[in-house]
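The values are calculated or read from the model by the stated rules, or taken from the named source; none is laboratory data. Computed from a predicted model, the values in this text were never measured in an experiment. For neighbour counting, all protein chains shown are included, and Cβ atoms are generated from backbone atoms with ideal geometry for every residue, glycine included. Ligands, DNA and RNA are excluded from the accessible area calculation, which covers all protein heavy atoms including side chains. Shrake-Rupley method; radii C 1.70, N 1.55, O 1.52, S 1.80 Å.
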Amino acid sequence: MELSVARELFKRTDGELSEQVKKYSLGMRYYLNQNDIIQKKKEENDDDPLRNADNRVSSNFHQILVDQKASYLASEVPVVDLGEETSNTRLLDILGDQWQKVLQRLIIDASNAGISWLQVWHDEDTNKIKYAVVPSSQITPIYNNGLEQRLIAVRRTYQSIADDGKTYIYDEYWTDTEVVYYKREKDADYDHLVEDTRVEVVLDSVLGEYELASTAKHGFAKVPFIYFKNNPFQTSDLIKYKGLIDAYDVVFNGFINDLEDLQEVILILKGYEGEELQEFRHKLKTHKAIKVASGDGENGGVDKLTIDIPVEARNTFLDRTSDDIFTKGQGVNPTKVELGNNSGVAIKMLYTMLELKASALETEFRTSINQLIRLLLDKDDLKISQTWRRASISNEQEMADVVAKLADVTSAENIAKANPIVNDWQEEIKLREVAPDSFERDGEE
C-alpha cells in the first residue's frame with residue numbers, strides 16, 4: 001500500500017479507533033475495580049466544618065459479573081470434533097495447553113469492550129503456528145460493503161519505545177496476503193508517517209546477505225485475525241448497569257464518610273468562664289465537668305454539632321441497588337443463594353438470566369471458533385461439531401437417576417455426555433469399549 005494511501009486510510013479510521021479505545025478502557029477500568037468514584041475530584045466544602053472525610057471505595061460488581069460468565073462458559077473447554085482422528089489430534093496440538101486460558105481472556109475482553117480479537121502467526125523459530133489475544137483497543141477492522149459481513153483487512157495500532165529511546169506509534173495493515181508496517185513519533189501527525197523497515201528479506205542465504213523492508217507475506221490465505229463478539233450488537237456488559245454501580249458507590253462512600261465525620265463532634269461553648277480551649281479540654285477530662293456563666297441575656301451551656309445518618313434508608317437503597325445490578329447484569333447474586341438440597345429445576349431457575357447472557361455470547365463464539373479452526377488447519381470444507389458445557393451447581397443425584405432410567409433407550413454417546421461424573425465423554429466411550437460392563441450383581445450368575 002502506498003504511503004499516501006495509508007495516511008488517508010488511517011485518518012479516516014481514527015474516529016472508529018478512538019471509540020474502541022474508550023470502550024475498552026472503560027470496561028477494563030471497571031473490571032480492575034477503578035470505578036468513576038476513584039477518579040472523581042474532591043469537592044472542597046470549607047463552609048461545613050463537619051465534612052472532612054473523603055473515602056473512595058470502589059465496588060467490584062462488574063468484575064464479579066464478568067468472571068461469572070467467563071467461568072460459567074469456559075471452565076470446561078468446548079469439545080471440538082472434526083469427524084476424523086487425525087484432524088482432531090492436529091488441532092489439539094496447535095491449540096496447546098493455553099487454549100482454555102486464551103478462551104477465558106477472549107470472553108473477558110468481549111464482555112468489557114463488546115468484541116475481542118485473536119491474532120494467528122507462523123513462528124519462524126519453532127516452525128509452529130501460534131496465536132494470542134490482542135487488546136481490542138489496538139484493532140480497527142475493515143469490512144466489505146456487502147450484506148454478509150466479511151473481514152478484508154485489519155489495522156493494528158499501538159505505541160512502544162524504540163531503540164533510539166523515542167516513543168513511536170506503530171500501525172500495521174494486514175490483508176489476506178501480507179502485512180505492511182508504518183510508524184510515526186508520538187504526538188506527530190500523519191504527515192510524518194513513514195514505512196517501518198523491520199522485516200529481513202534474504203537476498204543470498206549462502207552469503208548471508210539481506211535487506212530490511214516494510215512489507216512481509218504472512219503465509220495465510222485469509223486475514224490472520226479472528227473477532228469474537230459479545231453479542232450481535234457488539235455492546236459491552238457494563239453499559240447495562242454502569243449507572244447503578246456509580247449510584248451505589250456514591251451512597252456507600254457517603255455512608256462511610258458520615259460515619260467517619262461523626263467521630264469529629266464539634267462543641268459549641270456558651271458563657272464559658274475560661275479563655276483557652278486547652279484549659280477547657282483539661283477540665284473536661286479531669287473533672288468531667290466545666291463551669292459556664294450566663295451573660296447578655298443568654299443562658300450558658302455546651303451544645304454539640306453532629307451528623308444525622310439515615311441508616312435505614314441507605315441500607316434499603318444499597319440492598320435494592322445491589323439486587324438491581326445483578327438483575328440488569330444477568331448474573332447470579334451470591335448473597336441470594338440458599339444452601340440446601342435444591343432440586344434441578346430450582347438450580348436452573350437460579351441460573352436463568354446468566355444462561356441467557358451466556359447463550360448470546362456462545363452463539364457468536366461458535367462461528368468465530370469455526371473460523372479459527374479452518375484458518376489453523378487451512379481447510380475451508382471442515383464439518384465442525386462443538387459441544388459446550390456449563391460450569392454450574394447441579395443436583396448430581398437427580399442427573400444420575402435420569403441417566404440410569406434412560407440407559408436402555410438412549411445411545412451410549414448421549415449417556416456418556418449426560419453422566420455427571422464424566423468430564424470427557426469421548427474418553428468414556430473408549431473406556432466402555434475396552435472394558436464393557438461385566439460385573440456380577442448380587443444373586444445373579
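Dipole check for region 1-116: with +1 at the C-beta of Lys and Arg, -1 at the C-beta of Asp and Glu, and the Cα centre as origin, the magnitude is about 240 Debye. For a test of the definition: using alpha carbon positions, the gyration tensor, and the 1.5 limit on a/c, classify region 166-243 as rounded, prolate or oblate. Judged from the Cα gyration tensor, region 166-243 comes out oblate (a/c at least 1.5, b/c at or above a/b).
Accessible area, 1.4 Å probe, largest first: how do TYR248, TYR210 sort? Working shown, then result.
Numbers: TYR248 40, TYR210 125 Å².
Descending accessible area places them as TYR210, TYR248.
Scaling against 2.2 N^0.38 Å puts the C-alpha radius of gyration of region 15-121 at 1.63.
Any idea how far the Cα center of region 4-32 sits from the one of region 109-140, in Å? Using only Cα atoms to place each centre, the spacing works out to 16 Å. Among the listed pairs LYS130/LYS186; LYS69/LYS101; LYS128/LYS222; LYS357/LYS417; LYS40/LYS242; LYS101/LYS240, those with a Cα-Cα distance over 19 Å are LYS130/LYS186; LYS357/LYS417; LYS101/LYS240. FRET efficiency for the ASP97 to GLU209 pair, using the beta carbon distance and R₀ = 41 Å, is estimated at 0.55.
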